[in-house]
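What follows draws every value from the coordinates through simple rules; no lab data is involved. In this text the structure is predicted, and so the values were computed from the model without any measurement. Backbone-built Cβ (ideal geometry, glycine too); neighbour counts: all protein chains shown.
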């Protein structure tokens, strides 16, 4: 025990023991990777030295005192160690880490040889710290961490099947203590071999450990030769047989006989065998249960039965030397076990027993299960018959069964049906039940000992019901029984014929551990019938497996042989995967212009939406203005200054490539002293909005914005004025984020509907924690996935992620492998629907899939690399053959995404790999998919909440350092939470409470980048909805809501709309289906938590592509009309002496506007002998005369003059400024004119003046 500074009590450690530990540095530090915090860092001088999980009661023959448990650590080094802040943890029954049990106080220094002890409150031990939670009776351990959270030592005591946080380099011990003798586990060495380093010895709390110790044993030839814990006659029909296999007689007088219970602990059966109990070689000695069938022939009797399932026996001398011991256990340690425990259980319906067949010292190898009982007489050479097995169906079979009904617990029955061709007489047949615990009901607990002289014709039934059943059920009964089936905890029916042979059996249990019961054939059915609604289990097929042979039917039919149809819940129903047509708003096409004659044109607009179009045509006089064009990339969507860093003057406005850090722009400086109209045309990606900005003299102001037509064309036009006091107007075309429409229209909207797919570019579907669905509601699970397949095209679903807890029952070592395999297989079948439909997707393991992060093998068996490696979206696994951490790719409209999936409890190596993947893809937007990250409180999951939590580690090592991760998705905790997080500070803000007019957070932390952290786990939600919203089922059979989230991304707006939805319930109101504690006035969520819009930081590079531009007088409206899509509208123009620019514009029923390409209508020229005709070579005023070395001022021919129109003036028509991107712009505008034979003529400079 450690005393406060100045009052240390030196532990009386033997010098030899300390020296032995110091001189054997098997765990000395070695070069290599830094261990994870879950791994032991070698080289620690402070180690766990002694542990016990209980102690002696009032005497050496008393039961365990559970309060007498403690954990002791010792400094085995030669120098003092400051252990301030060190933490001592325990591991629970299933192996998980809990605690800490104790945190060492500040300024605590452990001197060489000194101990620090943490003990249970009420233990009576002097200790340095006390804790309130005891170490478990049959599975426990301890580990210690230093003040930095690094593990320094661990020791666990578990069955081999249990994965534990208390492993030491993958090792743990399978040993049990005799608590009645005050034994403990003690360290005696430090070789790294825990089998050699630890011994069982009398405990030494506050004193030196023993230097070595062997548990007292004696080998005098006595062995347990046969034993059983019950028979078909009842649980009292049990016995223990001891045989002398030696060469000399053994006097057993005063020997002690103990049993070990279901908790692994010793209990006294016979305190002292009678005097004169001498056993000669080859003779057997029988101890039997008083009142049982074997009591009369027994040498000694005992009064307490051995446990029906997990038990053991131990024989000791009067001096507490172990003579022999045998344990029958699943997933637990016991002092009764020698070597490995026997795994196979006895079927009392068959009256089997355990018979010794060899003597290796390993229980599992030394005994067999047999129906051959030989109490009191043992033949070592006997060849025992094997345990009986089901040999196949007879004509009579269980056809329907239920453990309760609408009228209550007595409204139950079992039904046998004759499926053969001949009548069957049931005289001498018996019906047994299995209890809620799985225990067989034998002896007087038989349901119906003799079904009676009843002959069942083919197609007819035998009906057994409780004696207290409703009258209507009793009227149908062929037989009755006194004690009903346990509808709540589970039940079974076991039918035998007149020879006692098994005819059929059925079991229905909802258990999450590998609990044995003799009642099922194959795997038991889940106890998931809604008794109150009249459901029952009805036979559908004959595979010999209850789960597959029986289905839940909505309407029971007692006494009528009405078989049900088996429908595989993982197989989609006809039409379920058919693509869904989703009503989608689309942009109209570009109005197409065709010439009717020289002054008349028709415009036709195609539109996929059945909506009317409002049409108008506008025209304006083309101005001959001097324009300077500059191009560049702005760091801001709306720049803060007129001139921008890095911009360049260009001769022609063409194509400007943006970057992930800026927005491409073209800036136009127009010489004018009057208001003018600026017209710009070009192309852009679908849904990509361009903005037209005007410089007011102090700031840029948006004056127009547009998105491309369905054909990809875009036009901007607006009236602008000169700067105050100057004859210059400034406009800018910039590709900034969308400013209106799209998901901007969804902010603050709670209409219980998905977003119109026309308003976003890409959707990500997030499902998580499907474990209850994989376990018992596989049809709901399938419907979730089928919905994704059917809606993938219509709702633009580019990726689906399932973030762990795929199944329910692979979390602990006491889970059934068969049950886990079935759930995994169903999940694989269901998720394969996405692969088959070529919907990019990824699946990762949660704690229910990988034993709390200890083992991903079963996940990799059902979701292996091979399942995905040939899919076009699959990236790579983090390690060969291990898909638990992997990457996937998807994209939309040229924007690339990378999904990184990490398992529950990722290792430091996996976290480093994930960070490297993000760094290796700097141009990808990264979605991080994990199982447990965010708690419902909005806080990141960390070690203070659960020892295995890694949310904080994921943030620090993966999310915060990588600029391209914008979203992290997870589950695990029941509920929802969405947070904005700042990578620079770690600060978080609830994303769902941002005001309606604010979709971007500007007050979070220091940097401009934010990460969306999202928890969306609906596993505990309940489908029951009644007038009282707090009412749900007591039996949890309504945990079948099937909610998932669709995340809809508007790439240009940088917004993401979130909707929760259940395909099964066809509702968006997930919050209304919350767990019972959070309903009604106690509701924790509302619609705003399930339907909202958040801002997302996306990496997106765009290109600004200009097709032409012009400066005109303010335009005027020529004509308007209401037209239908594809309907032509004609526009006619009167003669004009000036060049005119005109265009058509349509607005659809959704308010979406598109314009035709601006058209040039040349002025009427009536003088065919214009003196400036360029065909006259003698014309002295020709502005393009090659003899003129300077050209006409302002015509753009002087590349060295940046103040002149660098966009160029049409060389053939100087009055029409167009883009300088070659003749393409001129051809675009003049195309229609050329079709009607108009000859473009160049006017003289004098005319222009």
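Extent of the stretch 336-481 along each principal axis, from alpha carbon coordinates, in Å, largest to smallest?
60, 36, 24
Which of rounded, prolate, oblate describes the stretch 396-553, given a ≥ b ≥ c as roots of the alpha-carbon gyration tensor eigenvalues and a/c under 1.5 marking rounded, otherwise prolate only if a/b is larger than b/c?
rounded
What is the distance in Å between the Cα centres of the stretch 644-662 and the stretch 1041-1066?
37 Å
How compact is the stretch 721-836 by the rule of thumb for globular proteins, expressed as Cα Rg over 2.2 N^0.38 Å?
1.79
In whole percent, what relative contact order does the stretch 28-169 give with Cα contacts below 8 Å and a gap of six or more residues?
Relative contact order here is 28 percent.
Quick check: the angle from helix 817-836's long axis to the longest principal axis of the chain, C-alpha only, nearest 10 degrees?
For helix 817-836, the angle is close to 10 degrees.
First check a/c for the stretch 715-784, with a ≥ b ≥ c the square roots of the eigenvalues of its C-alpha gyration tensor; if it is under 1.5, answer rounded, and if not, answer prolate when a/b is larger than b/c or oblate otherwise.
Taking the square roots of the gyration eigenvalues as a ≥ b ≥ c, the stretch 715-784 is prolate.
Residue separation times 0.36 nm, minus the C-alpha to C-alpha distance between residue 642 and residue 217: what's the value?
Gain in length upon complete extension: 143.5 nm.
For residue 956, project a label point 7 Å along Cα to C-beta. Then give me every residue of the stretch 905-924 with its amide nitrogen under 13 Å of that point.
In the stretch 905-924, the label zone of residue 956 (backbone N under 13 Å from the point 7 Å along Cα→Cβ) covers 908.
Enumerate the residues in the stretch 358-388 having an amide nitrogen under 19 Å from the point lying 7 Å beyond the Cα of residue 161 toward its Cβ.
Of the residues in the stretch 358-388, 362-369 have backbone N under 19 Å from the label point off residue 161.
Just the Kirkwood number for the stretch 744-1095, please: inverse of mean 1/r across all distinct Cα pairs, in Å, one decimal.
Its Kirkwood hydrodynamic radius stands at 20.1 Å.
Quick one: if you stick a label point 7 Å off each Cα along the C-beta vector at residue 482 and residue 606, how many nm between them?
Between residue 482 and residue 606, the label points sit 8.5 nm apart.
Which shape class applies to the chain: rounded if a/c is under 1.5, otherwise prolate when a/b exceeds b/c and oblate if not, where a ≥ b ≥ c are the square roots of the Cα gyration tensor eigenvalues?
prolate
When the chain is fully extended, how far beyond the present Cα-Cα distance does residue 582 get from residue 711, taking 0.36 nm per residue of separation?
Separation in residues times 0.36 nm, less the Cα-Cα distance, equals 44.3 nm.
For 495, 1099, which order do you get if you count the other beta carbons within 10 Å of each Cβ and list the fewest first?
In increasing order of surrounding Cβ atoms, one gets 1099, 495.
As a test, work out the antiparallel percent of DSSP beta bridges whose residues both lie in the chain, rounded to the nearest 5.
Roughly 85 percent of the DSSP beta bridges within the chain come out antiparallel.
With a Förster radius of 35 Å, plug the Cβ-Cβ distance of residue 390 and residue 1024 into 1/(1 + (r/R0)^6) and report the FRET value to the nearest 0.05.
Calculated transfer efficiency: 0.35.
Please find the FRET efficiency linking residue 457 to residue 283, where r is the Cβ-Cβ separation and R0 is fixed at 45 Å, and quote it to the nearest 0.05.
Once rounded, the FRET efficiency stands at 0.20.
Could you work out the helix-only [θ] at 222 nm for the chain, with each DSSP H run of four or more residues adding -39,500 (n - 2.57) and the total divided by the number of residues, to the nearest 500 deg cm²/dmol?
-2500 deg cm²/dmol
Over all directions, what mean area does the Cα convex hull of the stretch 1047-1139 project, stated in square nanometres?
Computed as one quarter of the Cα hull surface, the answer is 14.0 nm².
Expected output is a single nm value to one decimal: the length gained when fully extending between residue 701 and residue 365, i.e. 0.36 nm times separation in residues minus the C-alpha distance. What is it?
112.4 nm
I need the calculated FRET efficiency for the pair residue 374 and residue 1072, taking r as the beta carbon distance and R₀ as 45 Å, to the nearest 0.05.
Here the calculated transfer efficiency is 0.10.
Across every pair of different alpha-carbon atoms, what Kirkwood hydrodynamic radius in Å does the stretch 222-370 reach?
15.1 Å
With labels modelled as points extended 7 Å from the Cα through the Cβ direction, what inter-label distance (nm, one decimal) is found for residue 340 paired with residue 866?
2.7 nm
Where both residues lie in the stretch 744-1095, what percent of DSSP beta bridges are antiparallel, nearest 5?
65 percent
So, in nm, how far is label residue 133 from label residue 501 when the simple model puts each one 7 Å beyond its Cα toward the Cβ?
So the two model labels end up 5.3 nm from each other.
Can you tell me the order of 795-802, 210-217 when each peptide is scored by its average per-residue count of other Cβ atoms within 10 angstrom, highest first?
Highest mean packing first, the order is 795-802, 210-217.
Given Cα pairs under 8 Å that are at least 6 residues apart, what percent is the relative contact order of the stretch 396-553?
Result for the stretch 396-553 is 25 percent.
How tilted is helix 1223-1235 with respect to the longest principal axis of the chain? Cα atoms for both, answer in degrees (0 to 90, nearest 10).
The answer is roughly 60 degrees.
Compute the relative contact order of the chain as a whole-number percentage, counting only Cα pairs closer than 8 Å that sit 6 or more residues apart in sequence.
It comes to 8 percent, rounded to a whole number.
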